[in-house]
Amino acid sequence: MSRIESKLPGVGTTIFTVMSRLAEETGAINLSQGFPDYQPPQRLLDLVTKHLNLRHNQYPPMMGIAPLRHAIAEKVGALYELSVDPETEVTVTSGATEAVFCAVHAVVRAGDEVIVLDPAYDCYDPAITLAGARTIHVPLMAPQFTIDWTRLQQALGPRTRMIVINSPHNPTGTLLERADLDRIAALIADRDCYVLSDEVYEHIVFDGQPHASVTTHPRLRDRSFAVFSFGKTYHATGWKIGYCVAPADMTAEFRRVHQFNTFTTVTPMQHALAEFMTAVPEHHLGLAAFYQEKRDFFVEAMRASRFELLPSRGTFFQLADYSAISDEPDDAFSRWLTETHKVAVIPISVFYETPPDTRIVRFCFAKENATLAEAAQRLASL
Ligand code: PMP
Ligand code: GLN
């Protein structure tokens, strides 16, 4: 028995850690936790080495080094046609995870309510709970995982302080469209309510679709924290660097939390990223095609299996319905698949407050094609 009455009693070790560990123990191909099995660009790695040797190894400014904030402001300006002040509207964080935590704690008070759309990425709810607020889970409508507007409207109340959105969406690979942002803007127009927009997969959008960023939305940008991650964009998930773009008054509150949370973020990587972004500003332009090719390769390879693949319009994730193979719940199925057939996946029920009665797992296709082909071959025998 612990002496501590937990503040997060429902929280165990994250599914990503559990499944990656199981993959390692069983020697399975790990298509569970979302990370590439290839490296960041060599030039970026060389820049990290350069800046380590240039002795950029002490504390950087709390909000991130100026060259990186300027490079971010330039990128956001070019991509989303938004003029962003790097001094007052951009903060470098230790991953998008830290940015989510700071954004929630910047504006959410004890007794408030925050709406998340299930299946929801796992770091939102704990941040909200630790702020003393209540998470209101509104399920997306399967199988398309679109917003149930009636339920969303019903969930809004006098205490709603924030809505968390995520597009491209982990785990479903769906996208919010401009019209969705319009509807969200209309719903909260007369409320004291903020938006936390998790856009870490902003560049991984397929089939020529645009990414609908809150930063481009005239009625949402003034009340949104937009959160991004260099981990996804530069194949460097272990670096844990991200950033938040928000209006100056919101950024000021955000930084109050950030400076006593991590204070700042690893120095040499900031210098390397700033220099790389300036030297190779087009890097992100190739990402959609790069991942679309992987998605298509994986989908093609999986045709030989009895998994039914759901559409993936963005991210590096692919949902698959396994009801033709098994009736087991998704956690048991994922474990069995990993232990017996040596392919690790993520059960999607963990992203729900009330899991639906579906048979769906998530594959990560941010892998070399040879890895994907080998995994698909193993799955074809089921
Ligand atoms: N949001 C989503 C939807 C994610 O998939 C992830 C990470 N994988 C994060 C946030 C966290 O990003 P980071 O690793 O930069 O903290
Ligand atoms: N975002 C990654 C995923 O969805 C996992 C990150 C983590 O392990 N916390 O797989």
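Values as computed for the structure displayed
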| quantity | calculated |
| --- | --- |
| GluC sites (Glu not before Pro) within the range 76-131: DSSP coil, no more than 11 neighbouring Cβ in 10 Å | GLU81 |
| Flagged links, alpha-carbon separation over 32 Å, of LYS7/LYS232; LYS7/LYS75; LYS7/LYS294 | LYS7/LYS75; LYS7/LYS294 |
| Per-residue ³J(HN,Hα) for the range 106-121, Karplus 6.51 cos²θ - 1.76 cosθ + 1.60, θ = phi - 60°, Hz, x for Gly and Pro | 5, 10, 8, 10, 4, x, 6, 10, 10, 9, 10, 9, 8, x, 10, 3 |
| Ranked list, fewest to most other Cβ atoms within 10 Å of each Cβ, for ASP296, ASP330 | ASP296, ASP330 |
| Summed side-chain charge close to ALA96 - residues other than ALA96 whose Cβ falls under 14 Å, Lys, Arg +1, Asp, Glu -1 | -3 |
| Which of LEU130, LEU181 has the fewest Cβ neighbours within 10 Å, and the rest in rising order | LEU130, LEU181 |
| Positive minus negative residues near VAL205 (Lys, Arg vs Asp, Glu; Cβ under 15 Å) | -3 |
| For the chain, the longest site-free run once chymotrypsin sites (Phe, Trp or Tyr not before Pro) in DSSP loop states with at most 14 other Cβ atoms within 10 Å are removed | 39-259 |
| Whole-Å distance, taken between Cα centres, linking the range 62-85 and the range 266-305 | 20 |
| Proximal aspartates and glutamates to LYS240, defined as alpha-carbon separation beneath 12 angstrom and excluding residues fewer than eight positions away on the same chain | GLU98 |
| Cα centroid separation, the range 136-168 to the range 217-263 (Å) | 22 |
| Per DSSP, loop GluC sites (Glu not before Pro) in the range 1-72 with at most 12 further Cβ within 10 Å | GLU5 |
| Tensor-based shape of the range 36-180 (alpha-carbon gyration tensor, a/c under 1.5 rounded, otherwise prolate or oblate) | prolate |
| Hz values of 3J(HN,Hα) by residue in the range 39-47 - Karplus curve (6.51, -1.76, 1.60), Gly and Pro given as x | 9, x, x, 4, 4, 5, 4, 5, 5 |
| Within-12-Å neighbourhood charge of ALA332 [Cβ basis; K, R +1; D, E -1] | -3 |
| Centre separation in Å (Cα based) which lies between the range 335-382 and the range 18-52 | 18 |
| Amide proton proximity set for ASN166, modelled H, under 5 Å, gap of 5+ | ASP198 |
| Residue-averaged 222 nm ellipticity for the chain, from DSSP H runs of 4+ at -39500 (n - 2.57), nearest 500 | -11500 deg cm²/dmol |
| In the range 238-305, the trypsin sites (Lys or Arg not before Pro) that fall in loop regions by DSSP, at most 13 other Cβ within 10 Å | ARG303 |
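Computed from the coordinates by the stated procedures, all read-outs in this text should not be read as laboratory data. Keep in mind that this is a model prediction, so the values were computed, not measured. Ideal geometry is used to build each Cβ from the backbone, glycine not excepted, and the neighbour counts take in all protein chains shown.
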